[in-house]
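Some notes on the structure that comes next.
The values are calculated or read from the model by the stated rules, or taken from the named source; none is laboratory data. Since the structure is predicted, the reported quantities are computational estimates derived from the model, not experimental observations. Cβ: placed from backbone, ideal geometry, glycine included. Neighbour counts: every protein chain shown. With ligands, DNA and RNA removed, areas are computed over all heavy atoms of the protein, side chains included. Shrake-Rupley method; radii C 1.70, N 1.55, O 1.52, S 1.80 Å.
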Amino acid sequence: MAKVCEFMDVEYSEVPRKDNQPLASKCRCRKLLFRITLNTFKVGILACVIFFVVLPIIYRYSYNFQRAAVFLNFVNVPPSPDYENPQKYGINGARNFYVSSGDIKLGTWQILPSNLEGSNETSEDFFDRILDNGQNVVIYSHGNGGCRLSSHRIEIYQVLRQFFHVIAFDYRSYGDSSKQSPSELGLVEDILIVYEWVRNRTKSNVFIWGHSLGTSLSSHAFLKIQGMSVDQPVGLMLESPFNNMREEISEFPLAKFFKFLPWFRITIVDPMSSNFKFETDKYICGINVPIMIMHAEDDNVVPYKLGYRLHTNAKKCRSEDQGRLLFYTFGSQHHFGHKFICRAPDLPDKINTFIQLSLETRHNKELQY
């Protein structure tokens, strides 16, 4: 009796015989290969449906999913931080403490200027008093993910302390700060809390530095500070900024995997830009001090063109009377990317120039009143 092997135009006997064993084995291999190919195809189709259809729909209707993607506050870098000991991370002449307001507690580092780094004083009273020694102060507003002791932030503190007392803090839900859920207005409020804490302790000139997501937060906070009855900050520095969340989501490098989808805008861009506006291009128009914008051409998180658009928009909507606008490009050949403009050899000179410009602007405005 004979039987036809499936998928092959070859007959072989049901009774195994020595002369047709290789043929039967070859038939079984082809059947196995077909099954593997078919199953792989099915898995691929299922993965595509999940990745390109199911996940975008879930993202469209999940505020928590969107919030996690924006703030990345679940990312713990480094995994076992020692907030109490800044010196463990190469930051000497610093203290860890907490700024509190209501039910909000913000983990903070106060880092002395380089000229005071060798001080043997460690008391809280000393750190409170020294903040009012006449040297400039900068409040550092970090981006999303990690905390105040992430390695690239440590590097920028070392640069900034050449010119300032550095106040570096973690927003709510980051680091060892209060665990309330983050929002744009909530994190802006955190900057205001830290600013008021600083202003209650010093009459020195205060600058604000924002990085990445922190550029939008600090711009928004700056606008609110201008409406408060407190001494005003004298300058705003924005490192690797974007113009608004809508364009950041559209231009984010990972978005290229979804942009071809007809439903990309309605499932990802529209809900994100509705729930998380971060409209830096609007905030910046009302800021009445000099602003310095810095962006690396090889930034693979916030594309350079978004920082350039912010600068272009600011030139159009701001008057010269509000304060000078400086824009610095760092070429891709330096490989600074999104986090390491702090390694630019000429960054200290740019910071010093901006400080002098800001202080001169403040002085000239005071003369007008």
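Rolling a 1.4 angstrom probe over the protein heavy atoms, how many square angstrom per residue are accessible across region 47-178?
On the way: 5600 Å² over 132 residues.
Ligands and nucleic acids excluded, the figure is 42 Å² per residue.
Converting phi to 3J(HN,Hα) with the Karplus coefficients 6.51, -1.76 and 1.60 and the offset θ = phi - 60°, region 308-324 yields 5, 4, 4, 4, 4, 5, 5, 4, 6, 9, 9, 9, 4, 5, 6, x, 4 Hz in sequence order, with x at every glycine or proline. With springs connecting C-alpha atoms under 10 Å apart, model the chain as a Gaussian network and identify which of 39, 73, 243 has the largest mean-square fluctuation. Sorting by GNM fluctuation, first place goes to 39.
3J(HN,Hα) along region 263-272: 9, 4, 5, 6, 9, 10, 5, 4, x, 5 Hz, from the Karplus curve 6.51 cos²θ - 1.76 cosθ + 1.60 with θ = phi - 60°, whole Hz, x for Gly and Pro. Entry comment: accessible area of region 243-369 is 51 Å² per residue, from protein heavy atoms only and a probe of 1.4 Å. Using the rule -39500 (n - 2.57) for each DSSP H run of four or more residues, divided by the residues of the chain, the 222 nm mean residue ellipticity is -12000 deg cm²/dmol. Here the 3J(HN,Hα) profile of region 84-94, calculated from phi with Karplus coefficients 6.51, -1.76 and 1.60 at θ = phi - 60°, is 5, 10, x, 4, 4, 10, x, 9, 8, x, 9 Hz, Gly and Pro shown as x.
Between 166, 289, 230, the residue with the greatest mean-square fluctuation in the GNM of the chain (Cα pairs under 10 Å linked by springs) is 230.
If one takes the longest principal axis of the Cα atoms in the chain, at what angle in degrees, from 0 to 90 and to the nearest 10, does the Cα axis of helix 184-199 lie? Between the helix axis and the principal axis of the chain, the angle is about 30 degrees.
For the listed residue pairs 179/350; 88/339; 42/305, the alpha carbons are over 30 angstrom apart in 179/350; 42/305.
Packing around the peptides 187-195, 121-129, taken as the average count of other Cβ atoms within 10 Å per residue, puts them in this order, highest first: 187-195, 121-129. DSSP beta bridges confined to region 111-255 are antiparallel in about 5 percent of cases. Cα centroid distance between region 58-114 and region 226-254, in Å? Their Cα centres are 19 Å away from one another. Taking a ≥ b ≥ c as the square roots of the eigenvalues of the Cα gyration tensor, region 307-369 is oblate, since a/c reaches 1.5 or more and a/b is not larger than b/c. Rounded, prolate or oblate: which fits region 83-132 when a ≥ b ≥ c are the square roots of the eigenvalues of the alpha-carbon gyration tensor, with rounded for a/c under 1.5 and prolate only if a/b beats b/c? The shape class here is oblate.
Within the shell of other residues whose beta carbon sits under 12 angstrom from the beta carbon of residue 150, the net charge comes to +1, with Lys and Arg scored +1 and Asp and Glu -1. Where a ≥ b ≥ c are the square roots of the eigenvalues of the C-alpha gyration tensor, would you call region 240-369 rounded, which needs a/c under 1.5, or, failing that, prolate if a/b is larger than b/c, or oblate? Oblate shape, in that a/c is at least 1.5 and b/c is the bigger or equal ratio. Taking the DSSP bridge list for the chain and keeping only pairs wholly inside it, about 40 percent are antiparallel. Annotation: amide H-H contacts under 5 Å for residue 292 (H modelled 1.01 Å from N, sequence separation of 5 or more, or interchain): 236, 237, 238, 326.
Backbone amide hydrogens, once placed in the peptide plane, bring residue 77 within less than 5 Å of 146, 147, excluding anything fewer than 5 places away on its chain.
Going through (i) -0.43, -1.38; (ii) -0.39, -1.34; (iii) -0.48, -1.34, the figure that equals log10 I(q)/I(0) by the Debye sum over Cα atoms at q = 0.08, 0.15 Å⁻¹ as computed for the structure here is (iii). Helix 21-49 sits at what angle to the longest principal axis of the chain, using alpha carbons and giving 0 to 90 degrees rounded to 10? Rounded to the nearest ten degrees, it is 30. Amide H contacts for residue 330 (H built 1.01 Å from N in the peptide plane; partners 5 or more residues away or on another chain; cut-off under 5 Å): 295, 296, 297.
For residue 81, neighbours were defined as the other residues whose beta-carbon sits under 13 Å from its Cβ, and their charges (Lys and Arg +1, Asp and Glu -1) total -1.
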